[in-house]
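Structure provided below as structure tokens; questions to follow.
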Amino acid sequence: MNSTDHALQAARPSRLAQALRFDNAFVRELPGDPVEGPQVRQVHGALYSRVRPTPVAAPRLIAWSPEMAERLGLEATDVESPEFAQVFGGNALVDGMEPFAANYGGHQFGNWAGQLGDGRAITLGETVNAQGERWELQLKGAGKTPYSRFADGRAVLRSSIREFLCSEAMHHLGVPTTRALSLVTTGEPVLRDMFYDGRAREEPRAIVCRVSPSFIRFCNFELPASRGDTGLLKTLIDFTLRRDFPELSGSGEALYADWFGAVCERTARLMADWMRVGFVHGVMNTDNLSILGLTIDYGPYGWIDDFDPDWTPNTTDAHGRRYRFGTQPDIAFWNLGQLANALAPAFASAEPLQAGLDRYADAYNAAARANIAAKLGFAECRDADPELMGRLYGVLQAGEIDMTIFFRTLAQFDPAAPSPDLFADAFYDESRRKSVAKDLSDWLARYAARLKDDPLPAAARREQMRRANPRYVLRNYLAQQAIDRAEQGDYAGIHELLDVMRRPYDDQPGREAFAARRPDWARNRAGCSMLSCSS
Ligand code: AMP
Ligand code: MG
């Protein structure tokens, strides 16, 4: 297809134009950069820049999410149409789309990093479905924007597969997240130095269409605040309240305070969810925390295999381990502190912001207690239960025990016949198994006594535990296997994983391999245990 065809396709009322209705509140209601196009620049007094995706050689749809498509009102025939690959590969626009890159600036690894912005993400538009839900469609890896700084605006296939699969896996786990509609390859290579060690190689390139009610992050507020632009800051707060928090009422500073408290609570619940399922984000910079409390920006994330609160998948963070599994709730709180600093000019005093931060601790503790009850199968969390859970975590860590397998298996535990043999499959190392055998037996005896004292009947307990402890998570090595195949042109591994992860809490006969512990070969392999920000 040549460029004239693209232009015609955009002009004609296409099947996508019939299916999707756009209402682009962000660009309509907020001040934008008067300059258009991708040349790199500092942008003051504006919250976004208009820029179009860079066309690609040969866009090809290789995977899509049926649930997300349906939610948007798209039929399979819409998604599989040639027009879809053109649009979601960045070669054409649908009537009503007004592409832009957002301007923001934030903290990276604890330090102020100045203006960042969407360096490779381009929003196409905000679509409103038949139920009135607003979904922003955003291409990641769609080419240069004014915020690309020194980089190329592109994304490699491996990181795009990881973002696509994990977005949908998280959704099905019931963890708040941005979504993914489609994964399109471009037919062009891209150069990447995966571990920043001078060994760059050409990799296939791809574009994910991610979808969210809002892509506003903490850092969107930080940039105008850092520049002393309180007018712009307030404009953005008022917009966010109107569009993204319509459930909040009131006015003035009381409304602002209520909103900040709500952001703190959502973030707290998200952290409790991550800790429940064993997800490590890997890069909790302020540009990667969503104002809606959604998991956002899937980069060098990872899933806990053997339980280890000190583990980080991100080699870029290997030295300080700032973003290791166990510190995520504290780091989220640190990020909320940065957001509070940014919002301070919109408040007469710091007191309401401090009250909001206090809501974080309360909400996190409540959610963490609810998780203890859910994961261990208790009717409610009693005051001694956090200590019981803490003990278990100690045993899991000392024994290098697989977190997902252990908790899933725990539902089959019989308090009348407590036996550690039930958990044989969850161990990675025989000597570790022996060294924690007594501690595990002691813990199981305590647990059995606690269960006998709990009012929940056994069947209800097992059901509750199955709903809190997934059988299938997107283990790092599983994603890497799908990536290895995809890099050879075989996309079936992606489709199969996507399908398995649609029902993470169900036992899926015939798919036991997807629930197995990490194989030995994956222990120290790039992509399986080590990931970098190079994506
Ligand atoms: P991330 O670590 O992916 O959240 O990215 C941090 C910042 O770097 C964001 O402003 C991104 O838009 C930008 N960025 C990351 N990778 C690229 C790339 N390949 N091209 C342009 N900008 C990028
Ligand atoms: Mg980011």
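The values are calculated or read from the model by the stated rules, or taken from the named source; none is laboratory data. The structure displayed is predicted, hence computed values, not measured ones. Cβ atoms come from the backbone with ideal geometry, glycine included; neighbour counts cover every protein chain shown. The protein model used for the area step is the full one, side chains on, heavy atoms only, and it has no ligands, DNA or RNA in it. Shrake-Rupley method; radii C 1.70, N 1.55, O 1.52, S 1.80 Å.
Taking the Cα centre of each part, how many Å lie between the range 456-535 and the range 30-54?
Using only Cα atoms to place each centre, the spacing works out to 40 Å.
Multiplying the sequence separation of ASP95 and ASP238 by 0.36 nm and subtracting their Cα-Cα distance, what value in nm do you get?
Full extension from ASP95 to ASP238 adds 48.7 nm.
OK, next. Could you give the length gained by full extension between ARG149 and SER431, i.e. 0.36 nm per residue of separation minus their alpha carbon distance, to one decimal place?
Net length gain for the segment: 96.5 nm.
Looking at the chain from every direction and averaging, what is the projected area of its Cα convex hull in nm²?
That works out to 25.2 nm².
Can you tell me which of 113-120, 97-104, 141-148 comes out highest on packing, and rank the rest after it, using the mean Cβ neighbours within 10 Å?
141-148, 97-104, 113-120
Once the dipole of the chain is set up with Lys and Arg at +1 and Asp and Glu at -1 on Cβ about the Cα centre, which of PHE26, PRO504, ILE401 lies farthest towards its positive end?
Of the options given, the answer is ILE401.
For ARG71 paired with GLU133, estimate the spin-label separation in nm (one decimal), with each label point 7 Å from Cα along the Cα-to-Cβ line.
Each label point lies 7 Å from its Cα, and together they span 0.5 nm.
Tell me whether the range 119-174 comes out rounded, prolate or oblate; compute the Cα gyration tensor, take square roots of the eigenvalues as a ≥ b ≥ c, and use a/c under 1.5 as the rounded threshold.
Oblate shape, in that a/c is at least 1.5 and b/c is the bigger or equal ratio.
Hey, with R₀ at 51 Å, roughly what FRET efficiency would ALA348 and ASP520 work out to, going by the Cβ-Cβ distance, to 0.05?
E between ALA348 and ASP520, to the nearest 0.05, is 0.30.
Still on this structure, please answer the following. Using DSSP H assignments, which helices in the chain have an axial alpha-carbon span of 18 Å or above and a mean Kyte-Doolittle hydropathy of -1.0 or higher?
Span-like helices, by this rule, are 157-173, 230-244, 252-277, 328-343, 351-376, 385-398, 430-452.
Let me ask you something else. Could you work out how far apart the two model spin labels at LYS438 and GLU253 are, taking each label as a point 7 Å from the Cα in the direction of the beta carbon, and quote it in nm?
Result: 6.1 nm between the two label points.
Does the range 264-416 classify as rounded, prolate or oblate by the C-alpha gyration tensor (a ≥ b ≥ c root eigenvalues; a/c under 1.5 gives rounded; else a/b over b/c gives prolate, otherwise oblate)?
oblate
Okay, moving on. Take peptides 45-58, 457-470 and line them up by average Cβ neighbours within 10 Å, highest first, as a rough protection proxy.
The packing order, highest mean first, is 45-58, 457-470.
Quick one: go through the range 363-383 and flag any residue whose amide nitrogen is under 11 Å from the point 7 Å out along the Cα-to-Cβ line of ASP453.
So the set is 382-383.
In the range 370-490, with Lys and Arg counted as +1 and Asp and Glu as -1 at Cβ, which of these residues, PRO418, ALA458, GLY489, has the Cα nearest the positive end of the dipole, that is, farthest along it?
Farthest towards the positive end: ALA458.
What relative contact order, as a whole-number percentage, does the range 324-424 give when Cα pairs under 8 Å and 6 or more residues apart are counted?
The value is 16 percent.
Can you give me the accessible area per residue for the chain, using a 1.4 Å probe, in Å²?
With all protein chains present, the chain gives 38 Å² per residue.
Right, something else. Using the Karplus curve 6.51 cos²θ - 1.76 cosθ + 1.60 with θ = phi - 60°, work out ³J(HN,Hα) for each residue of the range 76-93 in order, rounded to whole Hz, and write x for Gly and Pro.
Each residue of the range 76-93 in turn: 4, 5, 5, 5, 8, 6, x, 4, 4, 4, 5, 5, 8, x, x, 8, 8, 10 Hz.
Show the residues, 5+ positions off or on another chain, whose built amide H is closer than 5 Å to the amide H of ALA92.
Distant-sequence amide H within range of ALA92: VAL87.
Now a separate question. The range 143-211 to the range 262-295: how many Å between their Cα centroids?
20 Å
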